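The values are calculated or read from the model by the stated rules, or taken from the named source; none is laboratory data. Remember, it's a predicted structure, so these values are computed and weren't measured experimentally. Every residue, glycine among them, receives a Cβ derived from its backbone with ideal geometry; neighbour counts consider all protein chains shown. Side chains are part of the model used for accessible areas, which takes the heavy atoms of the whole protein and leaves out ligands, DNA and RNA. Shrake-Rupley method; radii C 1.70, N 1.55, O 1.52, S 1.80 Å.
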Amino acid sequence: MKAHAQPTRGDDGRITGIVAALHNCDDEVVSARALRTMSAGSRVLIREKDPLEMLRQMCQVAVDEGGYALAWYGRKIYDVGKSVEVVASSAGHESYLENLEISWSTEDRGQGPTGRAIRLGQASTIVDTDVERSFKPWRESAMAHGIRSVVAIPVVVNGEIDGAWQVYAHEQGAFAPEVLTALEDLALEMGYGLSRLDSTSN
């Protein structure tokens, strides 16, 4: 909240009271977080030459600069269950990621934000993990780690969806449209970076 106070005065010029105005600046705060993440992430993409280290740093930037709870990158696997492999993450919450079972199939484990993002090729958000039915398989673990909202954004490498970048927040509704736009732009850059590093390694 932002507060602005101004005194009121009587006819004799003496202060008789105060008029206070409060302004909810939640939207400004969440937008600033996304922009800080985008700015720091862009610097990582420019300087980092190792793809896995680049992904790890991109996840860490979301936590350190953006103030988000957790970030990780999942790559789709072409196995029978169409599973998703965690290949990079921010530090902390390792126990959450170790027990993660996610698919990009149409089965229950593929109905979460990660599975939908990879399968449909578009960002998928969970406004409130406590009530979203599709998030039920992961709700108990998310609650234990203080996670309330999630966004998963597909990452395209060399013209194909390689996986998805997940960002989690402690508060519900953290990924408003303007925030999502900034994070999607960063995921797009991430895909370009991975494509560039892949081409130089061949």
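Is it the case that some residue within region 91-105 is open to solvent by less than 50 Å² (accessible area, probe 1.4 Å), within 21 Å of Y192 (Cα to Cα) and among the β-branched types (V, I, T)?
No - not one qualifying residue is present in region 91-105.
Does L120 satisfy the condition of being modelled with pLDDT under 95 and either closer than 22 Å to M190 by Cβ or open to solvent by less than 10 Å² (accessible area, probe 1.4 Å) (or both)?
On the way: modelled with pLDDT under 95: no; either closer than 22 Å to M190 by Cβ or open to solvent by less than 10 Å² (accessible area, probe 1.4 Å) (or both): yes.
No, not satisfied.
Quick one: what pairs do we get from region 181-202, first residue at negative phi and open to solvent by less than 60 Å² (accessible area, probe 1.4 Å), second among the small types (G, A, S) and modelled with pLDDT of 90 or more, C-beta under 9 Å, 6+ apart or different chains?
L183/A123; A187/A123; A187/A164; S195/G159
Take the residues in region 126-141 that are assigned to a loop (DSSP other than H, G, I, E, B) and in contact with a Gly (Cβ under 8 Å, 6 or more places away or on another chain); name whichever of them is most open to solvent (accessible area, probe 1.4 Å).
Residues of region 126-141 assigned to a loop (DSSP other than H, G, I, E, B): 127-132.
This time we only want the ones that are in contact with a Gly (Cβ under 8 Å, 6 or more places away or on another chain), so: 127-128.
Details: V127: 92, D128: 23 Å².
It comes out as V127.
Can you tell me which residue among A142, A117, A164, A169 is closer than 23 Å to G193 by Cβ, among the small types (G, A, S) and in contact with a Lys or Arg (Cβ under 9 Å, 6 or more places away or on another chain)?
Values: A142 fails: closer than 23 Å to G193 by Cβ; A117 fails: in contact with a Lys or Arg (Cβ under 9 Å, 6 or more places away or on another chain); A169 fails: closer than 23 Å to G193 by Cβ.
Residue meeting the stated conditions: A164.
So, in region 130-153, how many residues would count as being polar (S, T, N, Q) and under 13 Å from A71 (Cα atoms)? Talk me through it step by step, then tell me what you get.
Residues of region 130-153 that are polar (S, T, N, Q), as a first pass: 134, 141, 149.
Pick out the ones that are also under 13 Å from A71 (Cα atoms) and you get 149.
Within region 130-153, residues that are polar (S, T, N, Q) and under 13 Å from A71 (Cα atoms) number 1.
Which members of region 41-55 meet the condition of being assigned to a helix (DSSP H, G or I), exposed (fewer than 12 other Cβ atoms within 10 Å of the Cβ) and modelled with pLDDT of 75 or more?
Of the residues in region 41-55, the ones assigned to a helix (DSSP H, G or I) are 41-47, 51-55.
Still in the running and exposed (fewer than 12 other Cβ atoms within 10 Å of the Cβ): 46-47.
Answer for region 41-55, where residues must be assigned to a helix (DSSP H, G or I), exposed (fewer than 12 other Cβ atoms within 10 Å of the Cβ) and modelled with pLDDT of 75 or more: just R47.
Take I15 and tell me if it is in contact with a Pro (Cβ under 8 Å, 6 or more places away or on another chain), open to solvent by 90 Å² or more (accessible area, probe 1.4 Å), at pLDDT below 90 and hydrophobic (A, V, I, L, M, F, W, C). Can you show your working first?
On the way: in contact with a Pro (Cβ under 8 Å, 6 or more places away or on another chain): yes; open to solvent by 90 Å² or more (accessible area, probe 1.4 Å): yes; at pLDDT below 90: yes; hydrophobic (A, V, I, L, M, F, W, C): yes.
In short, yes.
Restricting the search to region 155-172, which residues are more than 22 Å from I102 (Cα to Cα) and either open to solvent by less than 70 Å² (accessible area, probe 1.4 Å) or touching a helix residue (DSSP H, G or I) at 6+ places or on another chain (Cβ under 7 Å) (or both)? Break it down into steps so the answer makes sense when it comes.
At the first step, the residues of region 155-172 found to be more than 22 Å from I102 (Cα to Cα) are 158-159, 171.
Result: N158, E171.
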